Amino acid sequence: MLWISANQSTNAEDNNSGGIPKTVIEPTDIDFGTIPMSGGVVERTFTVRNEGNGILRVSRLVTSCMCTTAQLEVGTEKSPKFGMAGHGLSSRAWSMDIPEGTGGILHVFFDPNAHGPSGVGPISRTISFETNDPENENIEVAFKGLVVR
Ligand SMILES: [Cu+2]
């Protein structure tokens, strides 16, 4: 009986006591502007807020290309820097929680040198992740820019 009781309380916690998270992302796309190829990695940030009343669980953070990595920061915790699926660290076993009424920062890093001289010109990339927000299970944000020599 004790075991059952403990198990039930764990399940209640996983279900956020019935609360539902609500994801609010700002912005949803960013123009990086002109990016010098020799200028090193550039970083921009998106905010991910949870305006619902249940814990927001973020998982499966991936980018669309090997030149781009993404890292979620919540409070004092930072995720690894995840990249394109199949490149570098996999986020398959990873998740991070954003408590209700709080937010996190999604750091995005773009390496304008990653593709060499063939990478010069306009670029657009996406960063995507999954959530337990029933209205927003698959989220995608984007950025663009112009890589110059
Ligand atoms: Cu790339």
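The values are calculated or read from the model by the stated rules, or taken from the named source; none is laboratory data. Predicted, not measured: the structure shown is a model, and the values here were computed from it. Cβ coordinates were reconstructed from backbone atoms using ideal geometry, including for glycine residues, and neighbour counts include every protein chain displayed.
For this structure, a couple of remarks:
- Only one of GLY39, GLY83, GLY52, GLY145 that is in contact (Cβ under 8 Å) with a residue 60 or more places away in the chain, in contact with a Ser or Thr (Cβ under 9 Å, 6 or more places away or on another chain) and either over 25 Å from VAL24 (Cα atoms) or within 13 Å of the ligand (Cβ to nearest atom) (or both): GLY145
- Test: residue in the range 116-138 that is surrounded by 15 or more Cβ atoms within 10 Å (Cβ to Cβ), in a strand (DSSP E or B) and either modelled with pLDDT under 95 or more than 14 Å from the chain's Cα centre (by Cα) (or both): yes
- In the range 67-86, the qualifying residues are those that are outside any loop (DSSP other than H, G, I, E, B) and charged (D, E, K, R), and the one that is surrounded by the most Cβ atoms within 10 Å (Cβ to Cβ) is GLU73.
- Counting residues in the range 17-27 that are of a type in the set (A, V, I, L, M, F, W, C), at pLDDT 95 or above and assigned to a strand (DSSP E or B) gives one or more.
- Inside the range 43-65, residues that are over 21 Å from ALA85 (Cα atoms) and outside any loop (DSSP other than H, G, I, E, B) make up a count of 5.
- Evaluation of SER64 against (1) within 12 Å of the ligand (Cβ to nearest atom); (2) surrounded by fewer than 14 Cβ atoms within 10 Å (Cβ to Cβ); (3) of a type in the set (Ser, Thr, Tyr) (one fails), failing number: (2)
- Within the range 101-115, restricting attention to residues that are within 12 Å of the ligand (Cβ to nearest atom) and among the hydrophobic types (A, V, I, L, M, F, W, C), the residue that is surrounded by the fewest Cβ atoms within 10 Å (Cβ to Cβ) is ALA114.
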